[in-house]
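The values are calculated or read from the model by the stated rules, or taken from the named source; none is laboratory data. Note that the structure is predicted; figures quoted are calculated from it, not measured. As a convention, Cβ positions derive from the backbone with ideal geometry for all residues, glycine included, and neighbour counts pool all protein chains shown.
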Ligand SMILES: Nc1ncnc2c1ncn2[C@@H]1O[C@H](COP(=O)(O)OP(=O)(O)OP(=O)(O)O)[C@@H](O)[C@H]1O
Ligand SMILES: [Mg+2]
């Protein structure tokens, strides 16, 4: 609503208490002030209550030794609170990643089975979906963990179903595995390069196919390219050590840059980002005919973006701790990668390990002696996998049905067989419908791993709880939790959005 | 051969109809239509047989401690509720049963079913019994019993179908007779089961109550207009929640509540002064002074939280502010004016009553910890969570779709933040730190905190569902309402919200089911809900050690029964309302 | 028949959508009781103009005065205009979840603050006037297009407006239903209602209109009596348009 009245009518502005625009903004600002008022009262009582309990709000627990032990992870006796949380993060990501893979496979199979013409297959998958999604996930996780406990106990001899290869005991489920060794990351660079090369080869072969009309073996060619890189890398991996230099240089840069300089850079970045956004916004309103008339909504948006940029810039200057933290964090990160890629690292890339059992009935530690899935991990993993699979199945089914209606007729008219139809026409299109809700399910899965706390799986929430029980830093830990999960959500939805936009572009 | 995949779905969904056309032909069409299909069928059959056999052997194994479950029914149901006061839970159940019976009659739920359908159900049950008898690795007694029951059911089912015959397809059985039959069977089973005789009697009374109230409901519908009966019932259902939990089960002792010094004056004052104020504000002549006065009341309501005032006054001020804001929109005629004042007075009385009940100490004897637990607590969390989250969710959805950028920003921020974090973090927040942010004199108890957390969490998801509905409303609806002179609030209340809610019923029911399942998370923060009873309390009793998995399976079945039936009911409702076929 | 008073005054009304100018200075005076028909090619701004008159769209420059009330951001004025000006849409825009009766009585009860009994009596009378009293308890989805449009007209009339705006009221109807709606509109015109009608029904324009306006590119290109218009149009664009449509 623009209030650019005609010059003649300028004096006829209504009194402010009847002016629609004024009232609209007055109401909003009043509510905002009300909320600020509530927040101030809440913060005041929080401060008073903390004082009464003799607590202070500090982040020291992140660097102090936490004095806690975690049931599993890369460091079961972490040196600092931050490391403890990182252990939780890695554990959470472990179960999330394996859960996503397993749930996708299972869900797609069941989703297709839901549409099968075979009565038995169809009904069984329906029963699966209707059973699983109507029982609380927490109950399922607790149940699977309880099932795990009822497995036979681990003795040094004769515990596993297949001695030395597979153990299913109440101490864990252990299988042989390939373990990354010293030079793994150097090799990984070659794998990445191989994947990129494979992509280009694939495109090239598809083009050949389109031009010549003959089968160009696109998949075979690209696979060969990838394998070639992997093979060469297996021997030539020390070359990738050069990447270590880059990281080393970056680490040095962030280690020696003065805080003031960094503050200026960050503040400039914040302001620049805001300015860039505003410029883009204005451009979207601009056309050959000139700039459009701005509504109060447009002005508010630009004002907000500008204010956020400025506030961020000011905060960088007022709280140098943030900048110091960023510097230190980046330095550590790059140092870490530097050591991973270092030229001087020598050794193998991968090593094969089989599970071994020690005498008092336990697995011989983590690492080279087979991969062991602990009971809590099993509970969470089974739970989230089976549960999410039921929802994915419904999404897949819905997606296929949505496409099937019109498209199959066209396909049949082209003379495609049923299998071809599904593979070439229905599934690719269904994929577009399916992907956004699928991303949502992955996000749910990631959030649901937080239920691991109920069966003692050391993920972020469980570690956080142990940490605040020990240190009393409850509010801080809850802030960390929320920040972490919001970050995960943001990243996942950014990926889905990016993919959607790409698909939308291809469609045109 | 137009649309293979869709055809298949329809075929498969109507598949159970087919056996009558010839079991062999049916099997040929649906199981062995091609070589691959046959292999798939056999494979699936093998898996199913193995799975069912394993499951049945597990369930009927001698090692299972199933007797733990009937023995601990009271724990599952109410956890630590004093045994001496159990009548109160039976009365609560009775209230629900009576309302259910009335509602079944007034809404004519179910209506009629065909004998063929009924016969089919009986036959399927019988087949399940036979399968159990064949596959279960159980004692001979159980197997023979199952076989006999199965055979009888199959015979009965076939008999019903034969009697119905193809010529009588239209004939229907009234749901009332089936209800009675099922009740009779359940009644019989209850008397066979090894439970206390007091429970048997109470359960039987509930059954009688259900039948009586159903018949009564039928009587009422024939006398009173449907709309009135339904409105009254909705009101009763809403009231039943606080009445059951705050009054019946909590057994409040009002002796310590400052009835004379705080409650009486506040109630009288608010009804008289507030009523007079609303009378004026709703007269349609208040104009701008009316708006100004409403603004002052809003400020007073906010300010009341900064100074020390009785809780009752704070809440009543909030209510008065809401009414004052709404009065000019909904008032105008003298009848509307009267309605506003009557609604206000009733609201004041109810608020005061329930707040008095809340502030009163519980008079339950021999209570340790919370007075509420088990399934009872699970239901409270789900229902109260729903009741609170619904209005918040609608407000958030309206905020997110509003033309006011600050409201949009705030609502979007809230919704996305809450949807981005897991419920357990919200529960921890509520349980551990929310009290720190509240004024010193307010100390929420654990159950209330859990309800708040569940409601705030669920509101964000509800908001997204409602938003979907709001966005599906054509722009023309808003324009027509505007052109007729309806205000924004009136447009929302009369035009857009009703349509939006109707179009998202399936999504809303899905959200309600999630909410019900999500309440189980309170077990993690130490509340004794159904899951916690099933997982920690029952299996850790000396007499029940080693029954963890039995107990968990039982819990699964109970959760499943509720959620599955709710989702089925929503499907029926959806079909009845014809959602999506404007 | 038209009276002396200018009930709608529009002076130099301009309106932009983003960078697109939809109205480029519209000057118009409508007398009380006058029936004005607006014609013009698609996208010429006819709808935008009449929607400005009851402020469904907000004009950015110029002045609109309706019944002595200038359209500004003043809430009181907007309220008054909305209840004085009725509007009928191309797509009917009935409320699908309310019965015909509820559709018609909603605004009289909640905006005009009539009692329900009064509002229902008026509604019944209006339904009789538009010829469908027997449909009162049905839902819009159960009616034909022509019936729905007549309900929409009754719904607008229930607010006792002094001016009625019609935006292509017959464009979404099958030919056999157009007549029943036009008949209602003719009757309304004869009863002395001020009407602004966007339509392509030239027969209606010839028979009922006091004045015809030709819109193109967001401005009035030509205005005159129906006779003038259909016998001796001046502008080339008008001629071209009429030759295409007649
Ligand atoms: N909300 C809007 N946003 C942007 N442009 C709009 C909007 N409404 C209308 N327009 C543009 O304004 C111009 C005039 O539109 P208007 O609807 O008034 O045309 P019209 O003369 O009624 O055409 P028709 O006969 O097709 O109804 C059109 O070019 C249209 O694209
Ligand atoms: Mg138009």
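Among the residues that make up the range C:94-101, is at least one of them in contact with a helix residue (DSSP H, G or I) (Cβ under 9 Å, 6 or more places away or on another chain), within 16 Å of ligand 1 (Cβ to nearest atom), under 22 Å from residue C:47 (Cβ atoms) and in a loop (DSSP other than H, G, I, E, B)? Within the range C:94-101, not a single residue is in contact with a helix residue (DSSP H, G or I) (Cβ under 9 Å, 6 or more places away or on another chain), within 16 Å of ligand 1 (Cβ to nearest atom), under 22 Å from residue C:47 (Cβ atoms) and in a loop (DSSP other than H, G, I, E, B). Quick one: in the range A:125-136, which of the residues that are touching a helix residue (DSSP H, G or I) at 6+ places or on another chain (Cβ under 6 Å) and within 7 Å of chain B (Cβ to nearest Cβ) is nearest to residue A:392 (Cα to Cα)? In this case the residue turns out to be A:134. Among the residues of the range C:1-26, those that are away from ligand 2 (no atom under 16 Å from the Cβ), within 14 Å of chain A (Cβ to nearest Cβ) and in contact (Cβ under 8 Å) with a residue 40 or more places away in the chain comprise C:9, C:10, C:11, C:12, C:13, C:14, C:16, C:21, C:24, C:25. Of the residues A:88, A:107, A:67, the single one that is touching a helix residue (DSSP H, G or I) at 6+ places or on another chain (Cβ under 7 Å), away from chain B (no Cβ under 14 Å), touching a residue at least 40 places away in the same chain (Cβ under 8 Å) and closer than 18 Å to residue A:468 by Cβ is A:67.
Just one of the listed residues (C:173, C:127) is without any contact (Cβ under 8 Å) to a residue 60 or more places away in the chain, within 16 Å of ligand 1 (Cβ to nearest atom) and more than 10 Å from chain B (Cβ to nearest Cβ), and it is C:173. Scanning the range C:17-51 for residues that are in a strand (DSSP E or B), near ligand 1 (Cβ under 7 Å from one of its atoms) and exposed (fewer than 15 other Cβ atoms within 10 Å of the Cβ) returns C:17, C:20. The criterion of being assigned by TED's automatic domain parsing to the domain that holds residue B:555, touching a helix residue (DSSP H, G or I) at 6+ places or on another chain (Cβ under 6 Å) and within 19 Å of residue B:529 (Cβ to Cβ) holds for residue B:385.
Taking the listed residues C:214, C:241, C:229, C:204, the one that is part of a helix (DSSP H, G or I), farther than 23 Å from residue C:160 by Cβ, within 16 Å of ligand 2 (Cβ to nearest atom) and away from chain B (no Cβ under 14 Å) is C:241, with no other qualifying. Among the residues making up the range C:56-68, those that are within 28 Å of residue A:294 (Cβ to Cβ), more than 14 Å from ligand 1 (Cβ to nearest atom) and touching a helix residue (DSSP H, G or I) at 6+ places or on another chain (Cβ under 8 Å) are C:63, C:64, C:66. Take the conditions (1) in contact with a strand residue (DSSP E or B) (Cβ under 6 Å, 6 or more places away or on another chain); (2) within 16 Å of ligand 1 (Cβ to nearest atom); residue C:193 misses just one of them, which is (2).
Checking each residue in the range C:27-73 for being away from every other protein chain (no Cβ under 12 Å), within 11 Å of ligand 2 (Cβ to nearest atom) and touching a residue at least 12 places away in the same chain (Cβ under 8 Å) picks out C:38, C:40, C:41, C:44, C:45, C:46, C:48, C:49.
Going by the structure shown, is residue A:294 within 14 Å of chain C (Cβ to nearest Cβ) and either farther than 30 Å from residue B:403 by Cα or part of a loop (DSSP other than H, G, I, E, B) (or both)? Taking the combined requirement at face value, the residue satisfies it. Here A:477, A:488 are screened, and the one residue that is within 9 Å of chain B (Cβ to nearest Cβ), buried (at least 23 other Cβ atoms within 10 Å of the Cβ) and at pLDDT below 95 is A:477. Residue C:161 meets each of the listed conditions (1) away from ligand 1 (no atom under 15 Å from the Cβ); (2) assigned to a helix (DSSP H, G or I); (3) crowded, with 21+ Cβ neighbours inside 10 Å apart from (2). Of the strands (runs of 3 or more DSSP E) lying entirely inside the range A:140-235, not one carries at least 3 residues that are surrounded by fewer than 16 Cβ atoms within 10 Å (Cβ to Cβ), at pLDDT below 85 and touching a helix residue (DSSP H, G or I) at 6+ places or on another chain (Cβ under 7 Å).
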